[in-house]
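Following: one structure in structure tokens, then a few remarks.
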Amino acid sequence: MSKWFINRYLKSLKARNPLMIVGLPGIGNVGKIAVDFLIDELKAKKVLDFFSYSFPNAVFINEENLIDVPIIEVYYKKLSGMDLFLVGGDIQPIDDVGCYEFCELLLNEYKKFGGKKLITLGGVGLQHVPKEPKIYCSGNSKRFINDFTKGVNVEKKVYGKVGPIIGVSGVLLGMAPRFGMEAITLLAETYAHPMYLGIKGSREIIKILKKKLGLKINLKDLDKEIKEMESELLKRTEELSTIIKPRRKGRDVSYIG
């Protein structure tokens, strides 16, 4: 069992009709880009952060020439009619046990806020760059899937098109029912190259979230923000790729969370 450290902020927070959206590094960094943008655009406040011995054995050097320890962070934003929790970070657990441990810890913390629904984000890896990325939706609840996909262009027939969903984005879907929660995932087509940023896929996911959740965000800011974060994101992706060895050699996996 790994060792975990949790820092808690806004301890007196009382959430109303909460929804959690999770976007961590994966193929094309689709989920990470989307969540990082939402955190900045909505000016969300930090609620929690997680550090673990299951994270990569490395630290990052930031623009101020100081050290950043890899963490996963949870942010909060009060919206009209609901409270939004956003989970992002530069890494996710690199071993199977650590992944399950983190998902259990996260779901436990979310349950304390009354959480009953969550959405994970990620990418479906293709062998080419998609001109118009499709968005796929699956989950553990047909009711949640059907309700969320009404009025948006999302493909619900995913069997045979999307492979195993590996990592936090997948494990959360499987573990959520144990905590009495419904969970879905939004997966955007993207190019399966470790140094490719799935900006188009992220934009399509954000457009769906904006429409379904009534988010007051400006998508024009996304392109500007991506340009600002692109070099740093690519740099960290390249650094991590030298540390983390593929966990499933010889297996054709179309999605890695």
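Any residue at all in segment 4-22 that's β-branched (V, I, T), in a strand (DSSP E or B), open to solvent by 10 Å² or more (accessible area, probe 1.4 Å) and at pLDDT 90 or above? Looking through segment 4-22, at least one residue is β-branched (V, I, T), in a strand (DSSP E or B), open to solvent by 10 Å² or more (accessible area, probe 1.4 Å) and at pLDDT 90 or above. L38 passes every criterion in (1) closer than 24 Å to R178 by Cβ; (2) under 14 Å from the mean Cα position of the chain (by Cα) apart from (1). Among residues belonging to segment 45-92 that are touching a Phe, Trp or Tyr at 6+ places or on another chain (Cβ under 9 Å), hydroxyl-bearing (S, T, Y) and outside any strand (DSSP E or B), point out the one that is nearest to K116 (Cα to Cα). Looking at the filtered set, the residue picked out is S54.
Listed by position, the helices (runs of 4 or more DSSP H) inside segment 152-257 whose residues that are of a type in the set (K, R), at pLDDT 65 or above and surrounded by fewer than 20 Cβ atoms within 10 Å (Cβ to Cβ) number at least 2 are 199-213, 220-243. The set of residues in segment 135-151 being touching a Pro at 6+ places or on another chain (Cβ under 9 Å) and either open to solvent by 50 Å² or more (accessible area, probe 1.4 Å) or not in a loop (DSSP other than H, G, I, E, B) (or both) consists of N140 alone. For segment 20-35, which positions are more than 9 Å from the chain's Cα centre (by Cα) and closer than 21 Å to E109 by Cβ? Within segment 20-35, just M20 meets the criteria.
The values are calculated or read from the model by the stated rules, or taken from the named source; none is laboratory data. Remember, it's a predicted structure, so these values are computed and weren't measured experimentally. Note that each Cβ is placed from the backbone with ideal geometry, even for glycine, and that neighbours are counted across all protein chains shown. These area figures cover heavy atoms from the full protein model, side chains too; ligands, DNA and RNA do not enter into them. Shrake-Rupley method; radii C 1.70, N 1.55, O 1.52, S 1.80 Å.
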